[in-house]
1. Can you pull the Rg over Rh of the stretch B:54-132, Cα-only, Kirkwood?
2. Arrange the residues B:Phe148, B:Phe103 by how much accessible surface each exposes, largest first, with a 1.4 angstrom probe.
3. Would you mind computing, in nm to one decimal, how far apart the modelled labels at B:Leu186 and A:Thr148 are, each placed 7 Å from Cα along Cα→Cβ?
4. Quick one: how many Å² of A:Phe235 are accessible to a 1.4 Å probe, rounded to 10?
5. So for the stretch B:118-189, what percent of the C-alpha to C-alpha distances run longer than 20 Å?
6. Have a look at B:Val67, B:Val158, B:Val94 and tell me which one the Gaussian network model of chain B (Cα, springs below 10 Å) gives the largest fluctuation.
7. Sorting check: for B:115-126, B:184-195, which peptide has the highest mean count of neighbouring beta carbons within 10 Å, and how do the rest follow?
8. Hey, any idea what Rg/Rh is for chain B, computing Rh the Kirkwood way over Cα pairs?
Amino acid sequence: MTGTPHPENEGRPDWFTPQENRSPAEPRPPAETWPAGETWPPAESSPSPTPGAHSGRPPASGAHTGPPPVPGGRPPMPENRPPAPARPAPARTPGRRREAPRRRSGGTPPPQAPVDAGWTPGPRRTFSDEQVWPPVPKPAGEPPGASTQPFPAVPGPPLPRPVTPGVLGAGSGAATGTGTAAEAVPGDRAPATPGEAAAAAPVPPPRRRTALRVGGAVLAVAVAMGIPTWHGYVFYRSGNPAYQVHTVAAGGTGTLMNVAWKVGVEQTDSLPGARPIKADQRWLKIKVTRTSLNTEGVIRRGDPEIKVKHPDGRAWQTEVVDRSLPVEVKDHKVGVGYDYNVVSLVPEQVAGEVEVEVLPSTIRVPLEEESVEDLFKRAGTEKTEPQDQVLLFRR
Amino acid sequence: MSTVTPARPETAAGRRAPAAPGRWRRAGVLAAGAALAVAAVGLQTTGLDREARTAHLTWTGGVGDQVSASRFSARVKAVHVAKAVESAGLDGKVEQATTSGVFVIAEVEATANREPQKFGTPALLTGDGRRYAATDKVDASHTITNPFIQVGWWVGSVAVFEVPAAALPGSRLVLAPRNGFIGEALLPEVEIDLGFDEATAGRLISNAKDVYQLASKK
């Protein structure tokens, strides 16, 4: 319809041009000029609707969820063919109406639209009738689905449909409407009479889905509270790992990560070079000896964390005074013990009870001097282990 | 077509279309939604702000009292007011700090409950609502922030503040553990009222020592 006129059955449908589906023998005015409310009052020709059968159904929704009613006396339409479209009633706004003349200006004007050649303010015009129902037979060559014209909004009750629980979508309703509209006959409107509606079975209440709603609410609350809690716990554990304590008997040797650890504790009242302490305090001289069992143990030569703890949980500060660890890696021998000399100040009454905890470092220091490129290459490839392995040396 | 079945007449009346919500119901739903939104916004205003959420938990006491917080106990033995503070530097030289206001020197003792810890910078809350951090004119190694507070014995040191003379009345000393790199919320702190009213403050200021000698490290 735009520009050069082309056959109606050309492959791609024109979505905005009103389809001229009428047969050549049944010409009609353009679809835009159809006055829906005036030419087709279905309530007059259909049986009186029953209030119980369609209470609360707005008339406009009937065009989408159910088949439009069929006026009495209409012959049934041929099957397997959607009805011819027609412009719905809301399309009669002035803005929409102006669309047709503009599109038609370049093409061949329809033969019976002389009044609609252009919009000009003036007195209200009236238009002749147009058949929208039953659908006019369309040209045989038109492919199915070529027409996108919706049904007109039909003021009236929807036709009853078979109950299909759970399927209430508008799409299925429209599909049903398309099918039934072609075949609907006046006899189908019989159940809408008041007598049959009253005699029908009691209406089943709509499904509440209480369990589903309650379950969803519980799930939502659980997720909303659980995720921050879990996040906080993970954050807390990042700073306070769950320690795995490996107890070592008095004088024994504990082995972790290819390194053997040994601890010796001495008590003394004074340290050379240290300030004098109170009478109820004792110095602890702690010697922590590490022995690499193999090369992997040499790689794990980072400084350990050394704590002095009482079994009841009290802890005291420790300080590494010196270490005999070789500075150069090549001097680090496998099987040779190297010492950390640690001092700690503890109350005298617990000096014989406190225990030493050693947390070996999990850092893997490479054996060779590493270039920056290698360092960056290695970065991120090794999984960082939490420093959560604890050797507890009994006294 | 196939959707037209003979069962239609029987099922017709059993199917009741859901009633469209009426105008009053729509209005009610809208009002309920607006009320919920207003309630949500209102609840936000009652929530703690960031400062209050991460604030310390405070234990209070007076001069001479042992104030026991969750991780440590502290007490203020004495409070001095001076116009200058002298302390020994690292090389043994005596350094003197002077001020246009006054120095408030609090002798503080503390002990830990379980684990060794250090104090963060002490603060002085004055009666007019201001907060003064400990002065940096005195080296921190002479003050309470330096030693480890440990279980089993009391560690004594001083906290030195430099404040205007008029700010003294009603001031309190605040001590809290040092916070780590990842700030810990709800740390314990003690707030010790130094017992300055107008008369005491005026007497202390008029009798202020010219120079207060900080004891060197033991």
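1. Details: Rg = 15.4 Å, Rh = 15.1 Å.
In the stretch B:54-132, Rg relative to Rh is 1.01.
2. B:Phe148, B:Phe103
3. 6.1 nm
4. Its accessible surface works out to 120 Å², give or take rounding.
5. Values: 941 of 2556 pairs.
Roughly 37 percent, once rounded to a whole number.
6. Among B:Val67, B:Val158, B:Val94, the largest GNM mean-square fluctuation belongs to B:Val94.
7. B:115-126, B:184-195
8. 1.48
The values are calculated or read from the model by the stated rules, or taken from the named source; none is laboratory data. All of these numbers come straight from a predicted model, not from anything done at the bench. So basically every Cβ, Gly included, is an ideal-geometry build from the backbone, and we count neighbours across all protein chains shown. Heads up: the accessible areas ignore ligands, DNA and RNA and are worked out on the full protein's heavy atoms, side chains in. Shrake-Rupley method; radii C 1.70, N 1.55, O 1.52, S 1.80 Å.
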